[in-house]
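Since every read-out is calculated from the coordinates, none of them should be taken as a lab result. Model, not experiment: these values are computed from the prediction. Every residue, glycine among them, receives a Cβ derived from its backbone with ideal geometry; neighbour counts consider all protein chains shown.
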Amino acid sequence: MTSDRRGRRQRRYRQQDYQTPYAKLISLADWQKYLKPGVKAEQLEAESKRMSDTAAAQRMQPVKLALLARCRALRTRPGALGNERRALWK
């Protein structure tokens, strides 16, 4: 975070700080202790090598857009925030 003469703060994102979640996880000391029970380091490594980061993002994008569209539709319909909204978060 940097500040200018007027005291305004601005966050800087350096290129060397960009990492995938898996790369960030394995950069931590003793990272295996953060895994959920039943998940093995070998499984995560195999999954990370299964497809490129770009391919994974392209695969996720349509699903994410559909979920957001569904949330917007629920928010705009009167009376739609009842049981359907609760079902989304179960």
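At-a-glance table
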{"quantity": "The range 8-16 - phi-based ³J(HN,Hα) in whole Hz, Karplus 6.51/-1.76/1.60, Gly and Pro as x", "calculated": "6, 9, 9, 7, 10, 9, 7, 4, 6"}
{"quantity": "Two-site label geometry, LYS64 and GLU47: point separation in nm, points 7 Å out along Cα→Cβ", "calculated": "1.7 nm"}
{"quantity": "Calculated from backbone phi, Karplus (6.51, -1.76, 1.60) coupling profile of the range 62-70 in Hz, x at Gly/Pro", "calculated": "x, 5, 5, 5, 5, 5, 5, 5, 5"}
{"quantity": "Cross-link reach list, lysines versus LYS24, counting only Cα pairs under 19 Å and skipping chain neighbours closer than eight places", "calculated": "LYS33, LYS36, LYS40, LYS49"}
{"quantity": "Interatomic Cα distance distribution for the range 24-71, bins of 10 angstrom, percent", "calculated": "21, 34, 32, 12"}
